[in-house]
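Participant: Okay, here's the structure, questions in a sec.
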Amino acid sequence: MITPHTAQFNMLGSTIRDRSLDDYDVEIFPSCQSEVVDLLGDVVPNASSMVELLRGLSPAAEDKPLHWVDMAGGLAVALREASILRTQNILGEITLTNVDLFDWREELAGDLKALSAEMGMDLGNKAHEPQFIQDNAETVVLEEPADLITSVQGIQYFDDPLRALVNWYNQLNGDGLMVVARASHWWPREISQRSQSDETEPFAALFSQFEEHGIRYATGDAASSFIPEEVTDFEVLAIQKQAETRLQLNAALMQVVAGFSWKVVQYDDAKPAIEVVRT
Ligand SMILES: C[S@@+](CC[C@H](N)C(=O)[O-])C[C@H]1O[C@@H](n2cnc3c(N)ncnc32)[C@H](O)[C@@H]1O
């Protein structure tokens, strides 16, 4: 059982925790040209929404349902919708898992009811409850690996976001996909490495390792036409796992400073902060 950290709980209590699949589309699929859309549309031809992505993704084994894990999923509205769409045969067989540090179901029961009425969907129906793992998404160990891991508007609250990225990659199936999005905020800017004399960012080295090992990834902005010039200027990160690779976190967490609605995190200067390892 997790002991809720009061400050963390209070910080999260004022956030939106009931985004729908449409809201996830806004976060993940930009309205403009984007490398993220190119990558996702390549994995699932022309996918430009969560529903299209979920319809087109293949499970790791033919006899298994697709496993979608939403990290920091809040009230899991998007997952509940996916469950309803499965019963309407819009989606195929799918296992749905929400990982969140807090169980918001009691506190947000009224919101779920209101949203159900607004969307004309019985989101509160027990039959559409995803599996819920109450745990820290940075370190959670899934019972089954995932075909798709998403995390929307969560990573900016994490104390150890690099650990989360590594943990998620390592729990994807063979060529599984992960998408991390936080619209309206270039969250990688808050993640740095510090030596006595210097402050650097960890992503350029990570991306050059991805390139070296042929791991497909893409970065982009959520809903603007702005093309980032700095490595750290992106809102969405999509990565497709390459079988027989895993990530290893080399950098140690040094400092976490909580701001109004995100955390500024510093690691030591171990290089590369995250390393691709062949298994
Ligand atoms: C802004 S809400 C977003 C929820 C959902 N993705 C959505 O968009 O509706 C952020 C969520 O992150 C969760 N969270 C924060 N830190 C976490 C952690 N270390 N592990 C798991 N969940 C975490 C919070 O409890 C909260 O539900």
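Participant: Longest segment of the chain with no GluC sites (Glu not before Pro) in a DSSP loop having at most 16 other Cβ atoms within 10 Å?
Facilitator: After excluding every exposed loop site, the longest remaining stretch is 144-228.
Participant: Using modelled backbone amide H atoms (1.01 Å from N, in-plane), which distant-in-sequence or interchain residues come within less than 5 Å of residue 193's amide H?
Facilitator: For residue 193, whose amide H was placed from the backbone, the distant partners under 5 Å are 200, 201, 267.
Participant: Efficiency by 1/(1 + (r/R0)^6): what FRET value for residue 212 and residue 44, r their Cβ-Cβ distance, R0 = 35 Å, to the nearest 0.05?
Facilitator: After rounding, the FRET efficiency stands at 0.85.
Participant: With θ taken as phi - 60° and the coefficients 6.51, -1.76 and 1.60, list the Karplus ³J(HN,Hα) couplings across the range 149-158 in order, rounded to whole Hz; mark glycine and proline as x.
Facilitator: These are the phi-based 3J(HN,Hα) values: 10, 10, 8, 10, 6, x, 5, 5, 9, 7 Hz.
Participant: Per DSSP H run of at least 4 residues, take -39500 (n - 2.57); add these up for the chain, divide by its residues and hand me the 222 nm value, nearest 500 deg cm²/dmol.
Facilitator: -7500 deg cm²/dmol
Participant: Now for a separate question. In nm, what is the difference between 0.36 nm times the number of residues separating residue 16 and residue 113 and their Cα-Cα distance?
Facilitator: 33.4 nm
Participant: Given points 7 Å out from each Cα along the Cα-Cβ axis, report the residue 278 to residue 61 separation in nanometres with one decimal.
Facilitator: Here the modelled spin labels are 2.7 nm apart.
Participant: Let me ask something else about it. For residue 146, what residues show an amide H to amide H distance below 5 Å, using hydrogens built from the backbone and excluding near sequence neighbours?
Facilitator: 172, 173
Participant: Turning to a different aspect of this structure: Let me have the relative contact order for the chain, percent, based on Cα pairs under 8 Å that are six or more residues apart.
Facilitator: 19
Participant: Quick check: residue separation of residue 198 and residue 248 times 0.36 nm, minus the Cα distance between them. What number comes out in nm?
Facilitator: So the extension gain works out to 15.7 nm.
Participant: Which lysines have a Cα lying under 16 Å from the Cα of residue 113, excluding residues fewer than 8 positions away in the same chain?
Facilitator: 126
Participant: Residue by residue through the range 237-243, what is 3J(HN,Hα) from phi via Karplus (6.51 cos²θ - 1.76 cosθ + 1.60, θ = phi - 60°)? Round to whole Hz and write x for glycine and proline.
Facilitator: With the stated coefficients, the range 237-243 comes to 10, 10, 9, 9, 5, 10, 3 Hz.
Read-outs: derived from the displayed coordinates by stated rules, not from any lab. Worth saying up front: this structure is predicted, and the values here are computed from it rather than measured. Reconstructed Cβ throughout: ideal geometry from the backbone, glycine too, with neighbour counts over all protein chains shown.
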